[in-house]
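Contents: one structure, followed by commentary.
Since every read-out is calculated from the coordinates, none of them should be taken as a lab result. Keep in mind that this is a model prediction, so the values were computed, not measured. All Cβ positions, even for glycine, are placed from backbone atoms using ideal geometry, and neighbour counts span all protein chains on display.
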Amino acid sequence: MTMIVGYASDERGKAALHLAGMLARSAGDDLIVCTVVPAPWIPGMAKVDAEYREFLAQEADQALERAKSFLPTDVPTAFVRHSARSAPAGLLEMAELHDARLIVLGSSSAGVFGHIALGSVTDRLVHSSHVSLALATRGFRCPPDAKAVRVTAAFGGSQSAEDLVLAAATVAADVGASLRIATFAVWSRPAYTTQLGTDSEDLVMQEWRKELDKTVAGTLAQVKHLPGGPGQVDTVIGSGSSWVEAIEEVGWQPGDVLVLGSSELGPVARVFLGSRATKILRHSPVPVVVVPRRRAEELAERATED
C-alpha cells in the first residue's frame with residue numbers, strides 16, 4: 001500500500017520524512033512525498049500570476065530534491081508536486097487518488113521540542129480527514145533502518161475505543177510490532193485541611209481501576225483470539241495530577257507509536273478529536289497515529305474476519 005508524506009522544506013519536513021520512512025519500512029509500503037502548490041488562477045494581463053506560479057513550482061521542485069537526501073534508499077519513494085486550492089485539500093486528493101492508508105505530517109515549528117504541535121495544515125486535517133494521520137513529534141529523528149517496535153492504543157472504555165484497540169492490533173500485526181493497551185487518568189486531589197483525609201478519593205480511584213481492568217480484560221481477550229494478531233499484548237494505566245505525568249508514567253522507548261481514535265461526537269467518516277484525545281496528542285512524547293472512527297471499525301472488522 002501507499003503512504004502520503006506532506007513535505008515542507010523545513011524542520012517539519014525532516015521529521016515527517018523520518019517518521020514516514022520508519023512506518024513504511026515496517027509495513028512494507030511505498031511512499032509518495034508530496035509538496036502542494038496553489039492551483040492556478042486565471043492569469044492577469046501582466047502575467048504576474050503566471051510568473052508567481054512558476055516561482056512557487058520551482059521552489060517546490062527544489063524542496064523535493066532536498067527531500068531525497070533525507071530518505072533512506074530501501075523505501076520505494078516517488079516525489080510529486082501537486083496543485084490544489086489548499087495544502088490540506090491537496091494532501092487529501094493525493095490520498096484518495098492513490099488509495100493511501102496514511103498521511104504523514106510533521107509538527108509546527110512553534111511547538112515544544114519532542115512533542116506534537118498542530119499548525120494550520122495539521123489542525124485542519126485533524127478535524128476533517130477521512131484518512132488516518134501520522135503526526136511526528138517536533139524534531140523527530142530515527143536511525144536509517146528503524147522500524148516500529150510497539151503500538152500503544154489509547155483506551156477510553158467505550159465501544160469505539162474497543163474498535164480502536166482491534167484496529168491497533170491489526171496495525172501492530174502489519175508492522176510486526178507488539179501491542180500495548182494504555183489508559184490515562186488525570187487525578188487532581190482537592191485541597192483538604194488536616195482534619196479531612198483523602199481516603200474517599202483513593203477508594204474512588206481504586207474502584208475506577210477495577211472497572212477499567214474488567215473492560216480492558218474483555219477487549220484483551222478479543223485481541224488474543226485474533227487470527228494473525230500481535231505476538232505480545234500488554235496493558236498499562238498511567239495516572240497523575242496532570243496529563244504530562246499520566247502519559248509519562250507508562251514509559252516510552254524508541255520505535256513507539258501511539259494510536260488515538262476519533263471522538264464519538266464527531267463525524268463517523270472523518271477524524272475529529274475530542275478534548276481528552278487532543279490533550280493526549282499534545283503531550284505525547286512519541287509519534288501519534290489518529291484513526292477516523294469508520295476506519296477503526298473497518299480495521300476491527302477485518303481483524304475479526306481474517
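Annotations for the structure displayed:
- Among Leu164, Leu125, a tally of other beta-carbon atoms within 10 Å of each Cβ gives an order, fewest to most, of Leu125, Leu164.
- Of the trypsin sites (Lys or Arg not before Pro) found in the range 76-113, those in coil by DSSP whose Cβ has at most 12 other Cβ atoms within 10 Å are Arg85.
- Close amide H pairs (under 5 Å, H built 1.01 Å from N) link Thr77 with Leu31, residues at least 5 positions away or on another chain.
- Summarising the amide proton neighbourhood of Ser128: residues at separation of 5 or more, or on other chains, whose placed amide H is nearer than 5 Å comprise Val271.
- Within the shell defined by Cβ-Cβ distances under 10 Å, the residues around Val75 carry a net charge of -2, with Lys and Arg each +1 and Asp and Glu each -1.
- 14 Å reach of a label modelled at Ala110, 7 Å along Cα-to-Cβ, counting backbone N of the range 1-33: none
- Under 5 Å between amide hydrogens, built in the peptide plane, is the criterion, and for Arg180 it picks out Val151, Thr152, Ala153, Asp234 among residues at least 5 positions away or on other chains.
- Per-peptide average of other Cβ atoms within 10 Å, ordering 73-79, 106-112, 241-247 highest first: 106-112, 241-247, 73-79
- Computed over the range 1-145, Kirkwood Rh from alpha-carbon pairs, angstrom: 15.5 Å
- Residue-wise HN-Hα couplings along the range 127-135, as the Karplus relation 6.51 cos²θ - 1.76 cosθ + 1.60 with θ = phi - 60° gives them from phi, are 10, 8, 6, 8, 10, 4, 10, 10, 10 Hz; Gly and Pro carry x.
- Each residue of the range 161-178 is assigned a 3J(HN,Hα), and the resulting list reads 5, 5, 4, 4, 4, 5, 5, 5, 5, 5, 4, 4, 5, 4, 9, x, 10, 7 Hz, derived from the Karplus form 6.51 cos²θ - 1.76 cosθ + 1.60 (θ = phi - 60°), x at Gly and Pro.
- Rounded to the nearest 20 debye, the dipole magnitude of the range 93-180 is 420 debye, with +1 charges on Lys and Arg beta carbons, -1 on Asp and Glu beta carbons, and the Cα centre as origin.
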